[in-house]
Each structure stands twice: as structure tokens, then as C-alpha cells.
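Asker: For reference, the structure I am asking about is given below.
The values are calculated or read from the model by the stated rules, or taken from the named source; none is laboratory data. Computed from a prediction, not measured in an experiment: that's the story for all the values here. Because the Cβ atoms are built from the backbone with ideal geometry, glycine has one as well, and the counts that use them run over all protein chains shown. The accessibility values were calculated without ligands, DNA or RNA, using every heavy atom of the protein model including side chains. Shrake-Rupley method; radii C 1.70, N 1.55, O 1.52, S 1.80 Å.
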Amino acid sequence: MALGFGNKSAEAPNDITPESTQEKGTNFTDDKAYGDFAGNVNSAENGGRGGKRSRRMNRIDRPNGQSIAGQGGLSNDSDTDASVSIGKQLELEAGNAIKYRTCSWQKTAALLFSEYICLAIMSFPYSYSVLGLVPGLILTVVVAGLVLYTSLIVWEFCLRHPEVKDVCDIGQMLFWNQKWAWYFTAIMFLLNNTFIQGFHCLVGAKYLNTMTNGGLCTIGFSAIMAIISFVCSLPRTFSALARIATFSAFFTFVSVLLATIFAGIEPHPKGYPAMGEVVVLIVPAAGTTFVAGMNAFMNISYTFIGQITIPSFIAEMKEPKDFPKALWAVTIAEVILFSLVGAIIYAYTGTNYNTAPAFGSLGNELYLKVSFSFMIPTLIFLGVLYASVSARFLFFRFFGGTKHMTSHTVAGWAGWAGILAVTWVCAFIIAEVIPFFADLLSLMSSLFDSFFGFIFWGVAYLRMRRADYGAGFVTSRGAKSITGAVFNVVLILIGLLFLTAGTYASVQSIIDGYNSASFGGPFSCASNGL
């Protein structure tokens, strides 16, 4: 696990701080060599000698495409081509009407907060009810640490390859610049984002049904959410979206705080005393099935895993070296908020009266509606964020190197709006056609998060260390190298666990749902309110 950045403005986690023995590479502390990625090295790591220690971060391969600002194209024959540096990209953007590298670390933090501080927090009480309170809290901290570590690996990879625009570029580079890897990653990337958009159409309909007591057909509410979300998706840069993200994260915090307080002050949870007294489990109940336990564990993991967006965010930062500040801020907030909200609400609603999301456990209807209402910004914005990430990916491929990308042209804005419209229509249709959409979303998460959460970044670590230290990188620095290599192989194995056991649990959940006739039909008008 990555521990302690302190005042190291651009230092990498654990042993993500190579001192290259190769002649070719990028000097991590040399402004001229790496544009705006230079960073100071803590002198304590030099045995107290003071000063800077030269660090070199080698590319794993040549640039495979243009950066956002690289209208002139990139050279393919140099590992340290200055045209891919952040300084060069900012220079190329200087005269553009639409500038992309404009995000400060504070704005990036707002985007991360809006992505992670979301409705999924209210499913933690359910996960704790299945896993038991103590194992649930331990897994919360462990998963947060793993995601923090892998996110820092993503960051280091982006520092080495500043032309990277999104995770699809990384997917291609990791697998030796093979085009099939780019297409494979792109398909997973677009499907993942579109399913999340569809999920927010349904959750938005759930909110509207709850507030109106089923006042309109659920299809209509889902369509309303899709239209509102489409409009909110129109800003073309993350810097512009960051303002909305700030409000989204703030109101989500208020929502879960109110729900936690209401759960504590009301005399009994919803449904009491039909199932007896509230039961709180410290460890899993006897007879808890593998499928139930795995689904609860995956639910915690899915909430933390969000590395799929990080390369896109870093690609629009003015100072990518500052990304860890945003990452540490959101990780600390996640662990505290998820653990406290999950544990406190579970303590008052127990295993027998718990619902997912936990708003449904509140017995007082006014409490339910007030706390749930503060969640509406994130119900809209999180879908908006993923729609924007997808549209950005497609827009840059369709309009890259043209004036439509960097100027306010009719064709540019029409293309951007058209791409967004297609993603929202697809998301709406998928969400309404598939009766077991929630379980299908879990299945997609098992398939995709295994790669985007763990496998990619274990491979990235190994390839970066090989680029720095050669074929003998596993033992080149003694125990440090061996520990790093083994740990990242374990990360890959964890990803394979998600891919296999997680997929099995999701498929079995779909089968169980059909056996119990708990799925509705496509394009259903039935209320899905709490």
C-alpha cells in the first residue's frame, strides 16, 4: 500500500520512485527534460545528504497518437520527444478558444469527489449486514488502500506518457501498442460508461417515483432524467464541469449525513416490529452463501473502483504532478464517510430491516424524502460525468487535429451534442429493455472493473519497472524490487478473482432473480420508488 506523500510534490508511492540505471530516460527532477512534470525529491531519502537525487522515468513505448493539444502530430521515433511534454501542450493551446489543460488539482479533486461520494454510499449498510460489521469495515479500508495504490500507478504512467488522453490509449500501450488492445479497451470503456448512465436514468426515476408516490409512468421519469442529464452534459471541458461537481459532492454529503442522523433519532426503522428486534452482526451470519458474500464484497469494491476516468482527468490538468493531492483528499474522505455512514445506519437498521439504498430503511416518510432529495444533484451529475468522459473520447477521435476541437464552431458543437445524445438514448434504451438491469450492471462491473481496477495497473507497474531496470528488474534492487513485483502480481490475481468469482456471483444472482420471478418486464410503468 502507498503510504505518506508528505511534502513530496511529485513523488510516487512506495517503490514507484525508480532511480534509473539506463542511459535513456526522463529526468524526474529536470524541468527541461519533462516540462511541467518536474518535482522535488525529499532529501531524507538520500540518507539525509540534502539536495536532489536524479530520477529517470522511461517510457514503455513510443507515443502512439496525438495529445489533446498536439494539432501538429507527434514524432514516433524518440522516447523523450519534447512535443509530448505538458509545457509544449500548454504552448500549443495558448491561442485556442477552447483550452483543455485548464484543471487545477482542486478542480480535479471536485471531479473525483463527485465520482466517489455518490448514492453507492447508501448501499454500505447492506454490505455490512451480509459481511458482518468488522469484516465489512476491514474490507472497506483494504479496498480503499488498493485503489489508492493503483491510482498512483495510473498517475505515474500518465507522467511518463503525457500524450495519453484516456484509458484506451493506456490499454494499447500496455499491450505493446497492439491496435486490438485499443479496440478491446474502447469497447469496455464505452459499455461501462453507458451502463452507468443507464443506471442513473433508473435511479433518477426511483427518486421521482419516491417523491411523487408513483405519479407518472417510470419510463416517463427515466426519459425526463435522460433529457436533464443530456443538457447538463453539454460543457466540453472538465474545468467547466468541476463547478457542478463541487455542488454534487456537497449535497451528497448533506444527504448521507441527514440519513445517518435520521436513522439514529427515529425510534424504529421501517417495518418494525414485523421481523423482531434489530439484529446487528459483528461477523457474517451462519449459513451466509458464497454468492451473497461475494456480491456484498463486490458492492464495496465497485464503489471505490473508478480508475477508468483518472487518465481523462489528468489529461486536462495544468499540473499533473499535483494529482496525488486530489487523490489523497478524496481517499481519506471516502474511508471516513463510507465507514461511518455504513456502520451507523447499519447499527440502527440491522440486518433484518436493511434496504439498499438505505434511505428505504427510514420509517419516517418525511425523513426519507428530505434526505433523499439532497441526493438529486449526484443522481444527475454522476451520469453526466461518465457521459462527458465517453463523449470526450469519441469527439477527440472524430475531430482530433481540426479547428472544431479548439474553436466554437457549429460543426464542433453539433458533433459534441450529437455524440452526447446518442450515448443518452442508448443508455435509456438499455436500462428500460433489460428487466434485470441492476444485476447486469453488476455483471458488467465484474467483467470490466477486473481490468480497469487491477489487471491493467499490475501490468503497468511491471512494464514500467522493466523499462527502468531492464529484464532483471524483479531483483535489481533486492527486496524492494521483489516485493513490488510480487505485490503487483497479486493485484493482477485480484483482478482475475473479480473476473471469475465476481462474474459467477453476478450470473447466479440473475438466475436466482428469474427463479424467484422478481424481475419485471421491459419498458415497465410499475413504480420503482422506495
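Asker: Within region 204-220, how many residues are among the aliphatic types (A, V, I, L, M), in contact (Cβ under 8 Å) with a residue 12 or more places away in the chain and closer than 20 Å to E365 by Cα?
Answerer: 3
Asker: Moving on. When you scan region 314-333, how many residues do you find that are within 22 Å of V143 (Cα to Cα), over 12 Å from the mean Cα position of the chain (by Cα) and open to solvent by 10 Å² or more (accessible area, probe 1.4 Å)?
Answerer: Selection size over region 314-333: 5.
Asker: Ok, one more. Quick check on A343: is it within 30 Å of F396 (Cα to Cα) and assigned to a helix (DSSP H, G or I)?
Answerer: When the stated conditions are applied, A343 does not pass them.
Asker: Next question, about the same structure. Could you count how many residues in region 453-473 are crowded, with 23+ Cβ neighbours inside 10 Å and not in a helix (DSSP H, G or I)?
Answerer: So the count comes out to 0.
Asker: When you check V291 against the structure, is it in a loop (DSSP other than H, G, I, E, B), out of contact with any Phe, Trp or Tyr (no Cβ under 7 Å at 6 or more places or on another chain) and touching a residue at least 24 places away in the same chain (Cβ under 8 Å), yes or no?
Answerer: No; evaluated as a whole, the condition is false for this residue.
Asker: Which of the residues belonging to region 388-425 are of a type outside the set (G, A, S) and surrounded by fewer than 18 Cβ atoms within 10 Å (Cβ to Cβ)?
Answerer: Result: R397, F398, T402, K403, H408, T409, V410, W413, V422, V425.
Asker: While we're here: Please work out which residue is farthest from T355 (Cα to Cα), limiting yourself to region 196-215 and to residues that are among the small types (G, A, S) and open to solvent by 10 Å² or more (accessible area, probe 1.4 Å).
Answerer: G215
Asker: Suppose we keep only residues that are among the aliphatic types (A, V, I, L, M) and assigned to a helix (DSSP H, G or I) within region 227-243. Which one would you say is surrounded by the most Cβ atoms within 10 Å (Cβ to Cβ)?
Answerer: So the residue we want is L241.
Asker: Does at least one position in region 189-211 carry a residue that is touching a strand residue (DSSP E or B) at 6+ places or on another chain (Cβ under 9 Å), modelled with pLDDT under 95 and assigned to a helix (DSSP H, G or I)?
Answerer: No, region 189-211 contains no residue that is touching a strand residue (DSSP E or B) at 6+ places or on another chain (Cβ under 9 Å), modelled with pLDDT under 95 and assigned to a helix (DSSP H, G or I).
Residues are listed down the side, and each one gets a yes or a no for (1) more than 17 Å from A387 (Cβ to Cβ); (2) open to solvent by 30 Å² or more (accessible area, probe 1.4 Å):
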| site | (1), (2) |
| --- | --- |
| A181 | yes, no |
| A186 | no, no |
| T194 | no, no |
| C217 | yes, yes |
| A245 | no, no |
| A249 | yes, no |
| P273 | yes, yes |
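Asker: Quick check: anything in region 491-511 open to solvent by less than 60 Å² (accessible area, probe 1.4 Å), more than 30 Å from T355 (Cα to Cα), modelled with pLDDT of 90 or more and over 23 Å from the mean Cα position of the chain (by Cα)?
Answerer: no
Results for (1) touching a strand residue (DSSP E or B) at 6+ places or on another chain (Cβ under 8 Å); (2) part of a loop (DSSP other than H, G, I, E, B); (3) open to solvent by 20 Å² or more (accessible area, probe 1.4 Å); (4) not aromatic (F, W, Y), shown as yes or no for each residue.
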{"position": "I282", "(1), (2), (3), (4)": "no, yes, yes, yes"}
{"position": "A285", "(1), (2), (3), (4)": "no, yes, yes, yes"}
{"position": "N295", "(1), (2), (3), (4)": "no, no, yes, yes"}
{"position": "M298", "(1), (2), (3), (4)": "no, no, no, yes"}
{"position": "S301", "(1), (2), (3), (4)": "no, no, no, yes"}
{"position": "I308", "(1), (2), (3), (4)": "no, no, no, yes"}
{"position": "S312", "(1), (2), (3), (4)": "no, no, no, yes"}
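Asker: Could you tell me whether any residue of region 109-125 is open to solvent by 60 Å² or more (accessible area, probe 1.4 Å) and at pLDDT below 95?
Answerer: No, every residue in region 109-125 fails to be open to solvent by 60 Å² or more (accessible area, probe 1.4 Å) and at pLDDT below 95.
Asker: Here is a follow-up. What residue, of S450, S506, S476, is among the polar types (S, T, N, Q), outside any helix (DSSP H, G or I) and on the phi < 0 side of the Ramachandran plot?
Answerer: S476
Asker: Those residues that are of a type outside the set (G, A, S) and either in contact with a Cys (Cβ under 8 Å, 6 or more places away or on another chain) or under 19 Å from T309 (Cβ atoms) (or both), I need them from region 433-455; list them, please.
Answerer: L441, M444, L447, F448, D449, F451, F452, F454, I455
Asker: Can you tell me which residue is nearest to the chain's Cα centre (by Cα) among those in region 292-304 that are over 13 Å from L131 (Cβ atoms) and not polar (S, T, N, Q)?
Answerer: Result: F304.
Asker: Please go through region 426-436 and give me each residue that is part of a helix (DSSP H, G or I) and surrounded by fewer than 20 Cβ atoms within 10 Å (Cβ to Cβ), ordered by number.
Answerer: Passing the criteria: C426, I429, I430, V433.
Asker: Just a yes or no: is a residue in region 221-232 without any contact (Cβ under 8 Å) to a residue 60 or more places away in the chain, under 22 Å from the mean Cα position of the chain (by Cα) and closer than 17 Å to A387 by Cβ?
Answerer: no
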